[in-house]
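The structure appears right after this line, and notes come after that.
The values are calculated or read from the model by the stated rules, or taken from the named source; none is laboratory data. Here the structure is a predicted model, which means the values were calculated and not measured. Note that we place each Cβ from the backbone using ideal geometry, even for glycine, and neighbour counts take in every protein chain shown. Accessible surface is based on the protein model in full, side chains and every heavy atom, while ligands, DNA and RNA are left aside. Shrake-Rupley method; radii C 1.70, N 1.55, O 1.52, S 1.80 Å.
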Amino acid sequence: MNDYLADIEAQKRFERIVEQMAESEGITEQLKATDQVAWIGEMNNIWSRAREVVNAELIYN
């Protein structure tokens, strides 16, 4: 049960980080609508960095 709850918390943390990074970098739905390739590239970059942050928090904390 604790592993399941930890997974849920990690997923929520990941989603919050992605939202914060996208907002701070100006990655908007407008970009998604006008240039999907650029949006996908930017979001893939953000997802990778957010995953690194969450993994580091889980491993080192």
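Worth a mention:
- Surface composition of the chain: carbon plus sulfur atoms hold 52% of the accessible area, using a 1.4 angstrom probe and ignoring ligands, DNA and RNA.
- Only helices enter the 222 nm calculation for the chain: every DSSP H run of n ≥ 4 contributes -39,500 (n - 2.57), and dividing by all residues gives -30000 deg cm²/dmol, rounded to 500.
- Charge tally in the Cβ shell below 14 Å around LEU5, where Lys, Arg are +1 and Asp, Glu are -1, LEU5 excluded: -1
- ASN61-ILE8 pseudo-label distance in nm [points 7 Å out on the Cα-to-Cβ vector]: 1.8 nm
- Local electrostatic count, GLN36, Cβ distance below 15 Å [Lys/Arg +1, Asp/Glu -1]: -2
- Formal net charge of residues neighbouring ALA56 (Cβ-Cβ distance under 13 Å; K, R +1; D, E -1): +1
- Volume of the Cα convex hull of the chain, divided per residue and given in Å³: 78 Å³
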